[in-house]
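Q: Sharing a structure here in structure tokens format.
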């Protein structure tokens, strides 16, 4: 199991990348308030991914 935290500026595409990996397709997202946590299986590897919203303070 690998753990990955996605951090970056507002509207940088963190949530889009997370759900592209999870679902295999682009999805329309809204700004993340707080975080999203998902388990992603990719090439026989398991990742627990935390997508943190880009707001100024967490």
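Q: Over the chain, what is the percentage of antiparallel beta bridges among all DSSP beta bridges, to the nearest 5?
A: That works out to approximately 60 percent antiparallel.
Q: Mean residue ellipticity at 222 nm from the helices of the chain, using -39,500 (n - 2.57) per DSSP H segment of n ≥ 4 over the full residue count, to the nearest 500 deg cm²/dmol?
A: -5000 deg cm²/dmol
Q: For the chain, what is the convex hull volume of the alpha-carbon atoms per residue, in Å³?
A: On the way: hull volume 4.1 nm³, N = 58.
It comes to 71 Å³ per residue, whole-number rounded.
Q: Label residue 2 and residue 43 with points 7 Å out from Cα along Cα→Cβ: what is the distance between them in nm?
A: Placing both labels 7 Å along Cα→Cβ, they lie 0.8 nm apart.
No lab work stands behind these numbers, since they all come straight from the coordinates. These figures come from a predicted structure and were not determined experimentally. Cβ atoms come from the backbone with ideal geometry, glycine included; neighbour counts cover every protein chain shown.
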